[in-house]
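What follows is a single structure, written as structure tokens, with notes after it.
The values are calculated or read from the model by the stated rules, or taken from the named source; none is laboratory data. All figures in this text were calculated on a predicted structure; none of them were measured in a lab. Don't worry about glycine lacking a Cβ; one is built from the backbone with ideal geometry, like all the others, and counts go over all protein chains shown.
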Amino acid sequence: MNDVEVVVVGAGQAGLSSAHHLRRSGFRPGRDFVVLDRSPRPGGAWQFRWPTLTYGRVHGMHSLPGMELTDADPARPSSEVIGEYFAAYERAFDLRVLRPVRVRAVREAGDGRLRVESDTGTWTTRALINATGTWDRPFVPRVPGRETFAGRQTHTVRYPGPDAFAGERVVVVGGGTSAVQHLLEISRVAAATTWVTRREPVFTEGPFDEDRGRAAVALVEERVRDGLPPRSVVSVTGLPMTEEMRRAREAGVLRRLPMFARITPEGVEWDDGNAVAADSIVWATGFRPVIDHLAPLRLREPGGGIRMTGTEAARDPRVHLVGYGPSASTIGANRAGRTAVRAVRDLLGRSRPGRPEAGRRPERVATRKTAAR
């Protein structure tokens with residue numbers, strides 16, 4: 001049994017931001033707080049992205065607090081660039097992330113403490129910062145006949161890259177950035193592609209900068225304040241139009257069809273009788289928050305979500321969720337980490353020191369500018 005003041009679960013953008021602000025507030029890594037991460041190496045969910053998602057194609061990546069990501073080769077896979085950046089960040093601030101550690105449950109421990117149970121040990125803590133994200137819970141909608149399809153079905157979480165679909169008839173489902181990226185790649189090698197979305201896609205012009213990021217975060221906050229399941233921040237930002245997308249739209253690749261009514265062994269069908277034959281269906285239909293390990297604390301509201309006040313769970317002020325709802329973006333995660341630590345510091349009665357403890361704190365990190373392999 002390990003006893004600490006704060007446990008951070010997850011070492012993606014939100015978890016590392018939280019750990020950074022804990023350290024700056026005088027909490028000592030490995031003694032006052034611990035970061036538990038289920039992934040095998042640094043990089044959060046980025047380490048699992050498909051190789052053709054290069055850094056130059058990433059939608060709205062913001063640097064972690066205290067250390068900028070600079071000079072990254074846009075042609076390199078984002079999994080490599082951001083994985084190296086996160087690893088350098090953990091070293092620079094001596095965050096001592098423990099991995100791989102899978103948290104199974106968080107329960108009451110008595111005396112006002114929480115008990116964090118994992119596959120490698122148990123911790124008791126006075127506060128929990130949950131930063132588990134969504135990658136481990138891919139969502140596929142329930143569509144009649146899905147189990148009868150004779151071809152291949154793949155979700156973004158296991159997307160193998162476009163070459164796996166060469167010569168096939170492919171249906172791509174989803175209205176987000178990942179769906180469009182899959183569609184553009186696959187259309188170059190497939191025999192035919194069909195794009196299906198539930199809602200009409202909204203394309204936007206201009207860069208996804210910090211101001212637009214903050215506006216998007218604000219649009220999501222109301223749902224979590226009401227205890228409803230959060231929508232992703234991406235769902236309210238629209239699709240940023242690029243030159244590549246303009247060319248694809250002119251070529252007819254971005255011609256969108258409404259959601260089909262059923263799946264057959266041979267493809268998909270609509271209620272009006274139209275049908276499309278398919279060899280593969282790619283589900284780029286998003287993810288849901290990974291929060292099942294919090295179930296013993298009974299934080300959910302009747303609406304299905306966790307009602308939030310800032311980053312604090314309304315039903316338990318010891319629990320903070322970052323990277324959840326309005327903070328499920330890189331800019332939102334940075335802000336949420338700072339907000340959560342301020343609240344935790346107040347909860348535990350700790351005043352902020354004038355200076356962080358000594359340590360190597362570079363302000364910038366450059367990644368290797370090598371060509372993508």
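Do we find that residue 276 is closer than 16 Å to residue 144 by Cα and touching a Phe, Trp or Tyr at 6+ places or on another chain (Cβ under 7 Å) in this structure? When the stated conditions are applied, residue 276 does not pass them. Quick one: would you say residue 118 is among the polar types (S, T, N, Q) and within 22 Å of residue 27 (Cβ to Cβ)? Criteria met by residue 118. Output the residues belonging to region 237-253 that are within 25 Å of the chain's Cα centre (by Cα) and in a loop (DSSP other than H, G, I, E, B). Listed by number, the residues that qualify are 238, 241, 242. Residues in region 161-209 that are within 27 Å of residue 142 (Cβ to Cβ), without any contact (Cβ under 8 Å) to a residue 60 or more places away in the chain and part of a loop (DSSP other than H, G, I, E, B): 190, 199, 200, 201, 202. Against the conditions (1) in a loop (DSSP other than H, G, I, E, B); (2) of a type outside the set (Ser, Thr, Tyr); (3) closer than 25 Å to residue 160 by Cβ, residue 46 satisfies every one except (1).
Could you identify the single residue in 10, 30, 26, 44 that is within 21 Å of residue 324 (Cβ to Cβ) and either surrounded by fewer than 21 Cβ atoms within 10 Å (Cβ to Cβ) or at pLDDT 95 or above (or both)? Answer to the selection: 10. Going through region 232-255 one residue at a time, which ones are aliphatic (A, V, I, L, M), surrounded by 12 or more Cβ atoms within 10 Å (Cβ to Cβ) and at pLDDT 85 or above? Within region 232-255, 245, 248, 253, 254 qualify. Among the residues of region 27-38, is any at negative phi, touching a Ser or Thr at 6+ places or on another chain (Cβ under 8 Å) and part of a helix (DSSP H, G or I)? No, the conditions are met nowhere in region 27-38.
Considering the conditions (1) part of a strand (DSSP E or B); (2) at pLDDT below 95, residue 109 is excluded by exactly one of them, (2).
In region 243-263, the residues that are more than 20 Å from residue 198 (Cβ to Cβ) form Cβ pairs under 6 Å with partners that are surrounded by 12 or more Cβ atoms within 10 Å (Cβ to Cβ) and not hydroxyl-bearing (Ser, Thr, Tyr), at six or more places apart or across chains, as follows: 248/184; 248/254. Only one of the numbered conditions (1) in contact with a strand residue (DSSP E or B) (Cβ under 7 Å, 6 or more places away or on another chain); (2) farther than 25 Å from residue 239 by Cβ is violated by residue 93, and that is (1). Residue count for region 131-160 under the criterion of being assigned to a strand (DSSP E or B) and among the polar types (S, T, N, Q): the result is 2. Of the residues screened, residue 282 is not one that is aliphatic (A, V, I, L, M), farther than 21 Å from residue 139 by Cα and modelled with pLDDT of 95 or more.
The rows are residues; the columns are (1) of a type outside the set (Ser, Thr, Tyr); (2) out of contact with any Leu (no Cβ under 8 Å at 6 or more places or on another chain); (3) over 18 Å from residue 134 (Cα atoms).
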site: 29; (1), (2), (3): yes, no, yes
site: 47; (1), (2), (3): yes, yes, no
site: 57; (1), (2), (3): yes, yes, yes
site: 64; (1), (2), (3): yes, no, yes
site: 68; (1), (2), (3): yes, yes, yes
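Scanning region 68-87 for residues that are touching a strand residue (DSSP E or B) at 6+ places or on another chain (Cβ under 6 Å) and under 15 Å from residue 15 (Cα atoms) returns a single hit, 85.
The residues of region 260-292 that are crowded, with 21+ Cβ neighbours inside 10 Å and part of a strand (DSSP E or B), listed by number, are 263, 268, 281, 282, 283. Can you report the number of residues in region 159-171 which are touching a Ser or Thr at 6+ places or on another chain (Cβ under 9 Å) and over 20 Å from residue 54 (Cα atoms)? Of the residues in region 159-171, 4 are touching a Ser or Thr at 6+ places or on another chain (Cβ under 9 Å) and over 20 Å from residue 54 (Cα atoms).
Just to be sure before I move on: is residue 261 within 30 Å of residue 305 (Cα to Cα), in contact with an Asp or Glu (Cβ under 9 Å, 6 or more places away or on another chain) and at pLDDT 90 or above in the structure I sent? Answer is yes for this residue.
Conditions tested, residue by residue: (1) modelled with pLDDT of 80 or more; (2) among the hydroxyl-bearing types (Ser, Thr, Tyr); (3) surrounded by fewer than 16 Cβ atoms within 10 Å (Cβ to Cβ); (4) not assigned by TED's automatic domain parsing to the domain that holds residue 126.
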| residue | (1), (2), (3), (4) |
| --- | --- |
| 294 | yes, no, no, no |
| 299 | yes, no, no, no |
| 309 | yes, yes, yes, no |
| 354 | no, no, yes, no |
| 358 | no, no, yes, no |
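From the list 22, 64, which one is touching a helix residue (DSSP H, G or I) at 6+ places or on another chain (Cβ under 7 Å), over 21 Å from residue 286 (Cα atoms), among the aliphatic types (A, V, I, L, M) and assigned to a loop (DSSP other than H, G, I, E, B)? That would be 64, the only listed residue that is touching a helix residue (DSSP H, G or I) at 6+ places or on another chain (Cβ under 7 Å), over 21 Å from residue 286 (Cα atoms), among the aliphatic types (A, V, I, L, M) and assigned to a loop (DSSP other than H, G, I, E, B).
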